[in-house]
Amino acid sequence: MPSHVFRIALAASYLVLSHPVWAEDTFSLDSVGGRLPKNVVPVSYTIEIAPDVDTMTIKGKESVELQLRAASDTLMFNSLNEKLSEVRLDGKPVKSVASDDEEQLTTVRLTHPAPSGKHTLSFSYIGKIESHAQGLFIQHYEQPGGAKGVLLSTQMEATDARRMFPCWDEPAYRATFQLIATVPSKWATVSNMPIAKRQVRGALTTTTFQLSPKMSSYLIEFTAGDLAQIKATSAGKQIGIWAVRGQEVNGRAALANAQAILADYEDYFGYPFPLSKLDSIAIPGGFNGAMENWGAITYTDQTLLVTPSSTLEDQQQVFSTQAHEMAHQWFGDLVTMGWWDDLWLNESFASWMAEKETEKRHPQWHSKELQDASKESAMLADARASSQAIQKHVTKDIEATNAFDQEITYFKGQAILRMLEAYLGDDSFRSGVRSYIRARAFSNAMTADLWNGLGGAGGKNIPQIAAKWITQPGFPLVTANASCDSAGQRTVTLTQSRFLLQGADPSHERWSVPLQVRVGSSGPPHAILFSEDGEKVPAGRCGEPLSLNADAVGFYRVRYDPKALESNTKAFHSLPAGDRIALLDDQWALVGSGNEPLPSYLALASSMGGDLEVRAWEQIEGALSTIEYDERGAAGHDAFARYARTIIKPAFEALGWDEKPGEPVDVRRLRRTLTRDMGMWGDPEVIAEARKRFDAFMQDHSRLSPDDQSSVLDIVARNADGPTFEKLHGLAKQSKDGAEIRRFYGALMQVGEESLARQATQIVVSQEIPHQADNMRFQLLVLLAPRHQRLAWTTFCDHQEALLGPLEPFGPVVIAQYAPQVFWSGIPMDELEKWIRVHVPAEMGTTVDQGLQAARFKLAEKQTLVGAADTYLQAGARPGHPSH
Ligand SMILES: [Zn+2]
């Protein structure tokens, strides 16, 4: 919390209003979005399933206690690929049953209207086991010894619970669930709730799970297979980690993480974890990411298990994924968004909370600075005219998947929460969160409910400040113009406009911007709420460095006038890390949008010297990599690559090749990043050393730690000939370890030579990739694409099912949003566009536009950057000496 707030003039926008200006409703079933009629509400489900993996079918029996809010002769609910029979209401046959798989609805008509009040709907059904992670799905895998295994698991979010059992599959219909499952007796079973009883009948066993609290259908979980568990307790709750038998020992780190995180969250939320157990289940590959099912979180095995071959990044990924999914046990599960419009209440909060928890438990990872990278990727997406607001309009449940936009729903939302938290102060923010959770526990919420919680905290009008950040796309560029009085005192005049990478904003939107202001190179920042153009702020003495986004906490850009920028550039070396990062981020974006010349950015980048500030370096190497990529095939490429090497060389040399005892983990990561860049940008000495280290590794794998393998292997692969490629390929094929498999195949994709790249694409779609690594196929192709655009594109078009099947239901999003950003540099835009529009549903038009706009920006940016970089280098620039 800033210790002191100072401001002059135009104070009107800062007045705390006595009544909320937020016009939206708080949660009620009647006002919330959704397709199902609100007159019938499920109260309690009993669901019996008997899945059969041989026939890939589910035999089901279901009984639902309903509350009719008014008399009705029709019941409508969701179903997909299910055939219902023996449908009865209160034991009596119904008039008709019609299931429509296109609309994913079943309509039951009654012989007579049923009166309002309680009723019981019952039926039998035959459903389908899916082969991708939607509903109840089958997962094939290979054991390290080569034995083949199979298990069943579920993935319901957003709208796939209806594939396992017919239900009111919208988040506002919270009900209790009792699941009863019959599977082979040798299998273990896990669900949201603990097991109530098991009845063994020869080869089959029926497991009855305890009745759940009232919850949304998308959070239902069921996994069955040859699984084993390790467990512990935390705060009186049983914590379990499940994995394919034999691999449960790799869950030890996750078990310790879960114990720590649960205790921290119970404390932060001031609300105990409401179930008696929390399981985490490692599903061997096949399904993407992790899912926060209440009491039974599923993870793709790579994001839960830590093996001796896991890198530090793998371990960090495990912790932050657990922290994210466990935050959902409160934000999402205990309090669930009313409708998919407000998905940010789940995802932004879980992402923000995960970062906070990571910072608490692992301060040495510097996750706050790392978070800047995800904020930047959100700002990049949000600086396009086609960007959407955090709060999205979702009309139909089956379009809900489109709301899962990583940049905006996750990263932007997370950054906005962090900005608000910094403005309000950590303690006030937490008490607001606590009152929100308390008020909405075991129920649903809308954005207005959150504002109600936060609005009472800290005496600042958070609802008014926050509303626009959530409901309108984009963010402001704050322009600061300084003037000096005769005594040398500086005043800056502030204006704002929406920041766009291309074009101008016709809507003239404005924001209430919580600025964090620091004058000089040290001391705490001061908070200022800036809303009205022309506001004047005192800003220390002329010539002192000035940051209007101290510690890079804000989700806005700042453009300083030339004098202030000059002072900042001069003092760059002495600025606090966060201020330096904000300056680099902003100046790079201003170059991209054509507001500032490239040398203004390069002057900052070349002032780093041998300073080892990790995020600043990662920002710089990202920018240099962009120009290096754009220069490929152009006459100026080699000169630029040489120049880029001279910028990073002082830091690379300060770090050396080998780890030093006691080094912070992010410094170790920086070493690997810069080493890789030096090699990829063609430094002959680095390439020779990488080859030497690779040879030693081939003799004895212990010569290269898991952490160091990728950078060395990537450099070797990039410069590989046929025999070297075969060596790398052999490594990948022989490995039985998930982390190694991803690393070794990933290196293979770095090949430069065209004929080897062709072999690499064949490998990507081949059967040699083990089942549990199916979901990395597309990622592998993305790694290959930068150097071999046409080849990668052809492979992508010809092998959609192999590449995208494992990512379902996100296949169409990948095509619409990511494909243009992967293939923009080699495939003509009209060819890309034509293919994409044919291959995604028509209602995804906005997402396609966003993807194509990103690609068009990259093309335009390439033109600008290549020209600017060539001119700069021809003028004879040296690091530290910008040419003008
Ligand atoms: Zn999430």
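Structure summary
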quantity: Cα-based helix-to-principal-axis angle, 829-839 vs the chain, degrees rounded to 10; calculated: 10
quantity: Inter-part distance where segment 691-748 and segment 374-392 are each reduced to a Cα centre, Å; calculated: 37
quantity: Accessible surface, 1.4 Å probe, highest first, among residues Thr57, Thr176; calculated: Thr57, Thr176
quantity: Ranked by how many other beta carbons lie within 10 Å on average, peptides 87-94, 439-446, 716-723 from highest; calculated: 439-446, 716-723, 87-94
quantity: Cα-based helix-to-principal-axis angle, 252-269 vs the chain, degrees rounded to 10; calculated: 90
quantity: FRET efficiency estimate (nearest 0.05) - Cβ-Cβ, Asp30 to Gln734, R0 51 angstrom; calculated: 0.25
quantity: Given charges at beta-carbon only (K, R positive; D, E negative), |dipole| of the chain in Debye; calculated: 1220
quantity: Per the chain, cysteines lacking a partner by the 4.7 Å Cβ criterion; calculated: Cys167, Cys797
quantity: Given Lys356/Lys649; Lys412/Lys862; Lys61/Lys231; Lys59/Lys148; Lys570/Lys858; Lys368/Lys727, the pairs whose alpha carbons are separated by over 28 Å; calculated: Lys356/Lys649; Lys61/Lys231; Lys570/Lys858; Lys368/Lys727
quantity: For segment 683-808, Kirkwood radius (reciprocal of mean inverse C-alpha pair distance, Å); calculated: 14.8
quantity: Amide proton proximity set for Leu278, modelled H, under 5 Å, gap of 5+; calculated: Gln238, Ile239, Gly240
quantity: Local net charge near Asp666, Cβ-Cβ under 14 Å (Lys/Arg +1, Asp/Glu -1); calculated: -4
quantity: Solvent exposure ordering (accessible area, 1.4 Å, most first) of Cys167, Cys484, Cys797; calculated: Cys484, Cys797, Cys167
quantity: Reference-scaled alpha-carbon Rg (2.2 N^0.38 Å with N residues) for the chain; calculated: 0.97
quantity: Three semi-axes of the equivalent ellipsoid, segment 269-375, Cα gyration tensor, whole Å, largest first; calculated: 22, 18, 14
quantity: For segment 580-593, Karplus couplings with θ = phi - 60° (6.51, -1.76, 1.60), whole Hz, Gly/Pro x; calculated: 5, 4, 4, 5, 4, 4, 5, 5, 5, 5, 5, 5, x, 8
quantity: For the chain: accessible area per residue (Å², 1.4 Å); calculated: 36
quantity: Burial ranking of peptide ranges 207-214, 109-116 (average Cβ count within 10 Å, highest at the top); calculated: 207-214, 109-116
quantity: Among 535-542, 97-104, the order from most to least packed when residues are scored by Cβ within 10 Å on average; calculated: 535-542, 97-104
quantity: ³J(HN,Hα), Karplus 6.51/-1.76/1.60, whole Hz, each residue of segment 39-44, x for Gly, Pro; calculated: 7, 10, 10, x, 10, 8
quantity: Val200 - accessible surface, heavy atoms, 1.4 Å probe, Å² rounded to 10; calculated: 100
quantity: Cα-based equivalent ellipsoid of segment 525-672: semi-axis lengths in Å, sorted from largest, via gyration tensor; calculated: 29, 20, 13
quantity: Centroid-to-centroid separation of segment 554-585 and segment 814-828 [C-alpha atoms, Å]; calculated: 33
quantity: Helix 789-798 vs. the chain, principal-axis angle (Cα, 0 to 90°, nearest 10); calculated: 10
quantity: Aspartates and glutamates whose Cα lies under 13 Å from that of Lys563, excluding same-chain neighbours fewer than 8 positions away; calculated: Glu544
quantity: Accessible surface of the chain [probe 1.4 Å, protein heavy atoms]: carbon and sulfur percent; calculated: 51
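The values are calculated or read from the model by the stated rules, or taken from the named source; none is laboratory data. For clarity, every value in this text was computed on a predicted model and none was experimentally measured. Glycine also receives a Cβ, built like all others from the backbone with ideal geometry; neighbour counts cover every protein chain displayed. For the accessible areas, the whole protein counts, side chains as well, though only heavy atoms, and no ligand, DNA or RNA atoms are used. Shrake-Rupley method; radii C 1.70, N 1.55, O 1.52, S 1.80 Å.
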